[in-house]
Amino acid sequence: MVHFVGAGPGAEDLITVRGLKLVKNADIIIYAGSLVNKEILNNAKEGSSVYDSAKMNLDEVIDVISKGSLQCKDIVRLHTGDPCIYGAIREQMDRLDELGIEYDYTPGVSSFCGAAAALRAEYTLPSVSQSIIITRQAGRTPVPDRESIRSFAAHGATMVIFLSAGMTDKVQEELIAGGYSENTPAAIVYKATWPDEKVIRCSVGTLNKTAIENGVKNLALLCVGDFLGNDYELSKLYDKSFTTGFRQGTDI
Ligand code: SAH
């Protein structure tokens with residue numbers, strides 16, 4: 001059996017209970033070495049084989065999985081954060097489907113959640129933004145034109161930008177061209193939840209300068225929006241006058 005597992009954003013204890021159990025049972029672990037915390041691998045059982053997928057191509061990964069499956073090994077494919085976000089997991093699942101190899105899928109805590117915790121922030125504040133745009137600047141992997149940062153910026157919603165810390169000049173330009181004001185709050189969260197996590201607050205107009213000054217080029221998220229400011233309305237959920245299916249408010 002093959003298990004795709006989200007390893008969480010960094011801290012070794014932010015893998016799920018189910019994910020850790022699968023790691024402990026695995027005969028073979030293929031982990032994304034660029035961002036998975038190696039401390040998690042200390043849970044691997046004696047004699048297990050561990051591969052770093054950062055040094056492998058898709059064929060090599062599938063080869064390890066298919067040979068292991070033939071020997072009825074228990075295999076964990078460990079991805080950073082949650083595999084559903086920039087995880088390149090679909091192409092692996094499709095290949096396993098073609099080969100008739102069974103797999104399951106255990107989610108993980110994505111780094112955008114880790115970044116919110118690092119920022120002590122809520123992305124969805126009433127009267128500020130009720131939507132989170134997760135995106136990236138086009139790099140070697142293109143982004144469809146209709147999904148440009150510029151076009152998303154027009155919404156003024158909360159935005160979390162992955163894979164773009166080395167392109168903050170372009171990101172800043174696009175954010176402003178799309179409609180965020182220069183003084184919209186922003187933050188760079190480097191290695192959220194890792195022991196060497198860094199949170200650097202700035203504004204859209206100083207995003208590029210801040211990234212350069214702090215030497216951040218990768219392993220970071222760019223968070224943008226007024227959720228980082230101080231103005232918002234209280235929720236209806238805990239408003240004492242508001243009645244819900246669970247609680248009688250003073251409005252009745
Ligand atoms: N599946 C992962 C994302 C993989 S793409 C997830 O759910 O988080 C890799 C990019 O994710 C990095 O370039 C960086 O932008 C971001 N990233 C991953 N872990 C991070 C962390 N702990 N702190 C900040 N950014 C992180």
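The values are calculated or read from the model by the stated rules, or taken from the named source; none is laboratory data. Because the structure is predicted, anything quoted here is derived from the model rather than measured. Here the Cβ is made from the backbone with ideal geometry for all residues, glycine too, and neighbour counts use every protein chain on show.
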Completion exercise
Within the stretch 217-235, of all residues that are surrounded by 12 or more Cβ atoms within 10 Å (Cβ to Cβ) and more than 22 Å from the chain's Cα centre (by Cα), the one farthest from residue 171 (Cα to Cα) is 235
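Among 161, 200, 176, 188, which is the only one that is closer than 30 Å to residue 36 by Cα and either more than 17 Å from the chain's Cα centre (by Cα) or surrounded by fewer than 19 Cβ atoms within 10 Å (Cβ to Cβ) (or both)? Full working, then the answer.
Numbers: 161 fails: either more than 17 Å from the chain's Cα centre (by Cα) or surrounded by fewer than 19 Cβ atoms within 10 Å (Cβ to Cβ) (or both); 176 fails: closer than 30 Å to residue 36 by Cα; 188 fails: either more than 17 Å from the chain's Cα centre (by Cα) or surrounded by fewer than 19 Cβ atoms within 10 Å (Cβ to Cβ) (or both).
Result: 200 is the single residue among 161, 200, 176, 188 that is closer than 30 Å to residue 36 by Cα and either more than 17 Å from the chain's Cα centre (by Cα) or surrounded by fewer than 19 Cβ atoms within 10 Å (Cβ to Cβ) (or both).
Condition check ((1) under 28 Å from residue 223 (Cβ atoms); (2) outside any helix (DSSP H, G or I); (3) more than 16 Å from the ligand (Cβ to nearest atom)) across all residues:
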| position | (1), (2), (3) |
| --- | --- |
| 60 | no, no, yes |
| 65 | no, no, yes |
| 76 | no, yes, no |
| 87 | yes, yes, no |
| 96 | no, no, yes |
| 114 | yes, no, no |
Practice task
With the checklist (1) without any contact (Cβ under 8 Å) to a residue 60 or more places away in the chain; (2) surrounded by fewer than 17 Cβ atoms within 10 Å (Cβ to Cβ) in hand, flag the one item residue 122 doesn't pass.
Solution key: (1)
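Give me a count of the residues in the stretch 1-54 that are hydrophobic (A, V, I, L, M, F, W, C) and within 12 Å of the ligand (Cβ to nearest atom). It would help to see each step written out before you state the result.
Kept after step one, since they are hydrophobic (A, V, I, L, M, F, W, C), are these residues of the stretch 1-54: 1-2, 4-5, 7, 11, 14-15, 17, 20, 22-23, 26, 28-30, 32, 35-36, 40-41, 44, 50, 54.
Narrowing the set further to residues that are within 12 Å of the ligand (Cβ to nearest atom) leaves 4-5, 7, 11, 14, 32, 35-36, 54.
Adding up the residues that qualify gives 9.
Is it true that some residue in the stretch 77-92 is more than 22 Å from the chain's Cα centre (by Cα) and modelled with pLDDT of 95 or more?
no
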Exercise for the section: Tell me, yes or no, whether the stretch 182-189 has at least one residue that is closer than 26 Å to residue 88 by Cα and modelled with pLDDT of 95 or more. Expected result: yes
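May I ask you to say which residue of 208, 183 is surrounded by fewer than 16 Cβ atoms within 10 Å (Cβ to Cβ) and not small (Gly, Ala, Ser)?
Numbers: 208 fails: surrounded by fewer than 16 Cβ atoms within 10 Å (Cβ to Cβ).
Just one listed residue meets the conditions, 183.
Only one of these is at pLDDT 95 or above, part of a loop (DSSP other than H, G, I, E, B) and either over 19 Å from the mean Cα position of the chain (by Cα) or loosely packed, with under 15 Cβ neighbours inside 10 Å (or both): 24, 45. Name it.
Sole residue among the options that is at pLDDT 95 or above, part of a loop (DSSP other than H, G, I, E, B) and either over 19 Å from the mean Cα position of the chain (by Cα) or loosely packed, with under 15 Cβ neighbours inside 10 Å (or both): 45.
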